Structure formats: structure tokens, C-alpha cells
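For reference, the structure discussed in these notes is given below.
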Amino acid sequence: MTATGPTLTAEYATTSPLQVRIDTHARHSEHPDDPLTTVAAPLELTGSEALADIGCGDGRFLAHLIQHGHRGRLVGVDNSTAMVTAVAAIPGVQAVTGDAEALPFADDEFDAVTARHMLYHVPDPDKALRELERITRPGGRVAISVNHPATCARTRRLVLDRAAEHGLAPVAGMVNDVNSMTLSAMMGEVFGEVRTDRCENALVFDTPAPLIRFAEALFSFCGIDPASPHRETILDAVTTDIHDWFHAHPGLRWRDPKGYIVATAIVR
Ligand SMILES: C[S@@+](CC[C@H](N)C(=O)[O-])C[C@H]1O[C@@H](n2cnc3c(N)ncnc32)[C@H](O)[C@@H]1O
């Protein structure tokens, strides 16, 4: 482990690694899956709701809602300046810098609140859940998506093994233990009844280049800081491993199982 390990702040200082991961899922999923639609469906939106997306990243969920005719207030919240800047460029969306654990909104301010693939980054997820509940009006809905714990474990293992050769390992504070196995029970404590929709899938690659790009986009979560002196050496080794695998397995695809849940609750 290095003295200066990766941090969430550095990981989300630009939109790039997140966009590489999202684009990879969009292009290389074994079965068609649109996570934006999957989160929106259980909200049963009519288009007039006031909706806040917490940890909204580059705001693509809110842009998706506008494209599908949403007319109500749309707010994107993130604690990364780069993400908030990206969201501010989407016409019709209010971009707010904020922390999921202390949201800058009044009680019952929204009809619907989402937290998509972000709760596993929050230091105190219970506190964040209570904030989501607080800002949602009674009868409003909260939808939260998180990954299966072993999502993309095969590609992560490849990077983790090469990182370990340089004494690097995942650092505390990047990802907590909120995943598809733990989320429903945690939400149940705050919201009562929780509906869960599961998505099972896999990433599949039939050429090395997109897999190498995806593997590099996992570096921070494997303990490799962008400024690490070992970064280029590790990337070279991972690149060689991936090319070697494709040479040794002609005609085969690299398959890496993945999945997530969307857990939805109606606020009491
Ligand atoms: C994995 S990305 C997901 C982005 C987006 N929700 C999506 O699914 O495309 C996690 C996002 O949560 C943001 N984030 C992490 N911790 C946060 C916190 N405590 N409060 C608000 N945003 C946070 C990050 O800056 C990043 O944009």
C-alpha cells in the first residue's frame, strides 16, 4: 500500500473513468440492459414529479427523463465539481453540489428520489438513506441501485493481481459493503417494505482493446492511484495479460458476470 492511495475525490475529479465504465456496460453487455429504464420503471413516473437524483454523475439519468418527456422539476446532486459542471450543461436540470449524508433540501421536497450506483461510496450509508427518506414526501418513491458483490470480479482479479506485485491493494473509503446482498435489509430499516428488481448479466469482449480500457477504468478501486509510479508498469502488464489470453483462446470471448438490483420503497 502506498502512503497516498487512491481517493474518491480523485476518482471523480473528471467524468472520464466513470464514462468509460458506463460506455463499456452499454456496448459489451451480453444481454440488452438499459439501467436508466430499469431505475425509472418502479418509480411509475407520470412526468410531472419533482425528482432528485443523488450522486447523479454526469446527469445522464436526468437527460434520459427529459428525452422521454419529463416536465417536472429535475435536480442532480453530486459532491464532485466535475459532475456538477457536466449536469449544469443539461438544459432543464438544476445542478447542485451536495453530500448524500446532508442533503441541501427541505423535508418532503421531492416526489421521487434516486441514488443510482452511489450508496456504496458513502461513509455512512444509513445516514444517507435517512436523508433520502427525509426529502421525499409521504407516498413518494425512492429507488436505489447497487451492484452484486462479485460484479466484474474476473477483470478486477486481473488488475488486483498485477497491483499486488507492487504492494498495492484496495484502500478503505473507496467502496463500503452496500451491495445487492445487503441493501434491501438496510432500506427495510428506514422505509419498511422494499421492492427489489434484479438484473443478471455479463460483460463480454471479443477483442482486447475495450477490455483493456475497462480494466484501466477499475484501477482506483484496485488500489492504483492515478499518480502512482507503478501505474504504467501495471497497465503494461494488464495489457499483456489480456493480449495473451486472447491469443491462447482463439475464437473465445472474455466473459465476466455482473449484475445489480434496483430496490424501491414508498415513503410512509
Ligand atoms: C459510480 S458513480 C455513479 C454515477 C451515476 N449515479 C450513475 O449511475 O451513472 C458515483 C457518483 O456518486 C458521487 N458521490 C460519491 N459519494 C457521494 C456523496 N457522499 N454525496 C454525493 N455524491 C457522491 C460521485 O461523485 C459519482 O458521481
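Quick notes on this one:
- T182 meets each of the listed conditions (1) closer than 28 Å to E131 by Cα; (2) touching a Pro at 6+ places or on another chain (Cβ under 7 Å) apart from (2).
- Flag for V75 being within 17 Å of the chain's Cα centre (by Cα) and not basic (K, R): no
- Segment 203-244, residues that are open to solvent by less than 40 Å² (accessible area, probe 1.4 Å), farther than 21 Å from H166 by Cα and assigned to a helix (DSSP H, G or I): P208, P210, L211
- Test: residue in segment 126-136 that is more than 15 Å from the chain's Cα centre (by Cα) and within 9 Å of the ligand (Cβ to nearest atom): yes
- Lone unmet requirement of (1) open to solvent by less than 60 Å² (accessible area, probe 1.4 Å); (2) closer than 21 Å to T15 by Cα for E49: (2)
- Screening segment 152-174 for residues that are in contact with a strand residue (DSSP E or B) (Cβ under 9 Å, 6 or more places away or on another chain) and open to solvent by less than 70 Å² (accessible area, probe 1.4 Å) and picking the one that is nearest to E200 (Cα to Cα) gives C152.
- The condition (being surrounded by fewer than 15 Cβ atoms within 10 Å (Cβ to Cβ), more than 12 Å from the ligand (Cβ to nearest atom) and of a type in the set (G, A, S)) is satisfied by just one residue among G5, G69: G69.
- Number of the exception - V77 against (1) β-branched (V, I, T); (2) surrounded by fewer than 23 Cβ atoms within 10 Å (Cβ to Cβ); (3) within 15 Å of the ligand (Cβ to nearest atom): (2)
- Scan of segment 38-71 for residues that are hydroxyl-bearing (S, T, Y) and either free of Cβ contacts under 8 Å to residues at least 12 places away in the same chain or touching a helix residue (DSSP H, G or I) at 6+ places or on another chain (Cβ under 7 Å) (or both), ordered by number: T46
- Failed criterion for R27 (all others in (1) within 14 Å of the ligand (Cβ to nearest atom); (2) within 30 Å of R253 (Cα to Cα); (3) of a type in the set (D, E, K, R) hold): (1)
- Every condition in (1) closer than 30 Å to P208 by Cα; (2) open to solvent by 30 Å² or more (accessible area, probe 1.4 Å); (3) within 9 Å of the ligand (Cβ to nearest atom) is met by D34 except one, and the failing one is (3).
- Among the residues of segment 180-202, those identified as open to solvent by 30 Å² or more (accessible area, probe 1.4 Å), touching a Ser or Thr at 6+ places or on another chain (Cβ under 6 Å) and part of a strand (DSSP E or B) are R195, T196.
- Test: P6 is in contact with a Ser or Thr (Cβ under 8 Å, 6 or more places away or on another chain) and in a loop (DSSP other than H, G, I, E, B): yes
- Candidates A86, A106: the one that is away from the ligand (no atom under 11 Å from the Cβ), of a type in the set (A, V, I, L, M) and touching a residue at least 12 places away in the same chain (Cβ under 8 Å) is A106.
- Test result for T14, within 15 Å of the ligand (Cβ to nearest atom), among the β-branched types (V, I, T) and open to solvent by 60 Å² or more (accessible area, probe 1.4 Å): yes
The values are calculated or read from the model by the stated rules, or taken from the named source; none is laboratory data. This structure is a prediction, so every number in the text was calculated from the model and none was measured. Ideal geometry is used to build each Cβ from the backbone, glycine not excepted, and the neighbour counts take in all protein chains shown. These area figures cover heavy atoms from the full protein model, side chains too; ligands, DNA and RNA do not enter into them. Shrake-Rupley method; radii C 1.70, N 1.55, O 1.52, S 1.80 Å.
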